[in-house]
1. Which value in nm describes the separation of the simple spin-label points at residue A:57 and residue A:2, placed 7 Å from the Cα toward the beta carbon?
2. Only counting protein heavy atoms at a 1.4 Å probe, give the residues of segment B:186-203, ordered by number, whose accessible area falls by 20 Å² or more when the other protein chains are present relative to the chain alone.
3. What would the Debye formula give as log10 I(q)/I(0) at q = 0.13, 0.16 Å⁻¹ for the alpha-carbon point model of chain A, no solvent?
4. Tell me: how much accessible area in total is hidden between B and A, 1.4 Å probe, Å², nearest 100?
5. Can you list the HN-Hα couplings for segment A:180-193, worked out from phi with the Karplus curve (6.51, -1.76, 1.60; θ = phi - 60°), rounded to whole Hz and with x for Gly and Pro?
6. In a Gaussian network model over chain B where Cα atoms closer than 10 Å are linked, find which of B:266, B:112, B:88 has the largest mean-square fluctuation.
7. Find the accessible area per residue for segment B:112-202; the probe is 1.4 Å, ligands and nucleic acids are left out, and the unit is Å².
8. Please give the residues from segment B:209-235 for which the solvent-accessible area of heavy atoms, probe 1.4 Å, is smaller by at least 40 Å² with all protein chains in place than with the chain isolated.
Amino acid sequence: MRINPRIIDKAVKVGLTSQAFFTVGILVAIIAVIFFKGFPNINMEFIFSFPEDMGRHGGIFPSIVGTILIALLSILLATPLGVGTAIYLTEYTKESRLTKIIRFGVESLAGIPSILYGLFGFIFFVIKLKMGWSLLAGVLTLTIMILPTIIRTSEEAIKAVPRNLRIVSYSLSATKWETVAKVVLPSAFPGILTGIMLSVGRAVGETAATIFTMGSSLRLPTSLMDSGRTLAVHFYILAREGISMEKAYATALVLVLSILSINIIAYYIMNKVISKYS
Amino acid sequence: MIKTKIDKEFIVKIILTTFAFSSLLFLFLIFSFILFEGLPLFLKVGLKKIIFGFKWAPTKGSFGIFPMIISSFFVTFGALIIGAPLGLSCAIYLSEYSGKKMKMFLKPALELLAGIPSVVYGFLGVIYIVPIIRNNFGGAGFSLLATSIILGVMILPTIISISFDAIMSVPKTYREGSFAMGATKWQTIYKVVVPSARSGILASFILGMGRAIGETMAVIMVAGNALKIPTSILDPLRTLTGNIALELAYATGDHRMGLFSTGVVLLVIIMILNYIANFGIKRRVIK
């Protein structure tokens, strides 16, 4: 017997819809669990005080500072490098064997898993360059790790700038760099910012690459050579060593909320850009 | 005046070129340092004894990582079995069925799954998935099954966003042609749209595999990390990534070199997967 194709059509629609909502449901469930278990354990004191007894009591202030420092500093290094690479690839060269090789390099970096960045950062920065477990080693490792994201999003943003803007600028006898700096980059800025925000989110949530480069000291990092513990690493240690479930959930809430808000801001900016150009 | 302008242009070009080559320099550094630390052990112990060796006792001179290679592939395929159908369904729903407003909400929501840190996935796996498996199917719960479920969810954003792009790039005229022949929506999707987008969809699966095989923190939390080849989906296992992360902090000498050898094997697998995925995507663009 042959089933009516229209009935199959309806059944498929129901099936696909429910799968899409099931998947969103996973996200909602994750956020809900973290929120409801973490919220009762969170207060100003938890955020602004130092951990005591390996994190069993007290707060997470040093980890918050460590996370902000490592994310900000690696963004500060990766942004000029990444945006510069994107400008070079889009404005200063034609598609050639050379750009193909550079793009291959960027794609390969993007595919390398974070544990291998950790392994590299550990042997190169921590051991060979004798930085020890330090903020600096963590920052340099994360800089390389987030570089591909910044390059790719900046390239997309720069390519989306209408050609006419450049032609007008050149016709006013502006040089290439003047055109890039005063016309192209300002128009591409929101798109570039989206890439930067997504990279901040990635840096904040990273564990495997930071634990072996920045280490896991519970002290407040006050110099580039100090070891420190990011929120993600602190959460990992609390959860894995079963130190304190309440503190683990509370730390997870701070971590997840900050990453989600960073990402939501990034998507908001991206949507503004899309509606502007379409 | 004109001269300084030209000088400035020249300097800017030099700086930008240097920046552009930094990515290649970093890639070179990563490869050379991991290879430099990992390869000597292959020469000393022998390639065969490492890759096909069953025993990992690095302080006693045994560096066999065969069970971990197999385990890494097991969890990767497990993740694909769970993540691929679900991810593809979401991509099809987003591109073919959802309205504009729904898409504006669903797409970012699904991409937010990628923002949840892997330690959080691992933690929730330990708290919820592991006990469910232990209580309903037996065993310790820390298992191939638990790892596959967690990884299956973690690779969803990769599969959804790349398949979605591939499906969206199928020309509208293909669909219209199919509708004009009297095909229903679903017939159009599975006979016209999905086959036209297949190389992109395949690339999304392969990139998802790359993500799963490289995932570390979530895996060591739910996998159980036992040093043997799992014989059932309820057995614990240790992946290549897990091996590195579990022992790197305290390993020295040959033991540490063994971990870098593990890294070399992982790096080779990842590069092959990325090469295949990029090749697949290129074919789509050319067509």
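1. 7.7
2. B:186, B:187
3. Results for chain A at q = 0.13, 0.16 Å⁻¹ read -0.96, -1.20.
4. That pair hides around 7000 Å² of surface in total.
5. Per-residue couplings from phi come out as 5, 6, 9, 10, 5, 4, x, 6, 8, 4, x, x, 5, 4 Hz.
6. B:112
7. In whole numbers, segment B:112-202 has 40 Å² accessible per residue.
8. B:217, B:221
The values are calculated or read from the model by the stated rules, or taken from the named source; none is laboratory data. Not measured: the values here are computed from a predicted model. All Cβ positions, even for glycine, are placed from backbone atoms using ideal geometry, and neighbour counts span all protein chains on display. Only protein heavy atoms, including side chains, enter the accessible area calculation; ligands, DNA and RNA are left aside. Shrake-Rupley method; radii C 1.70, N 1.55, O 1.52, S 1.80 Å.
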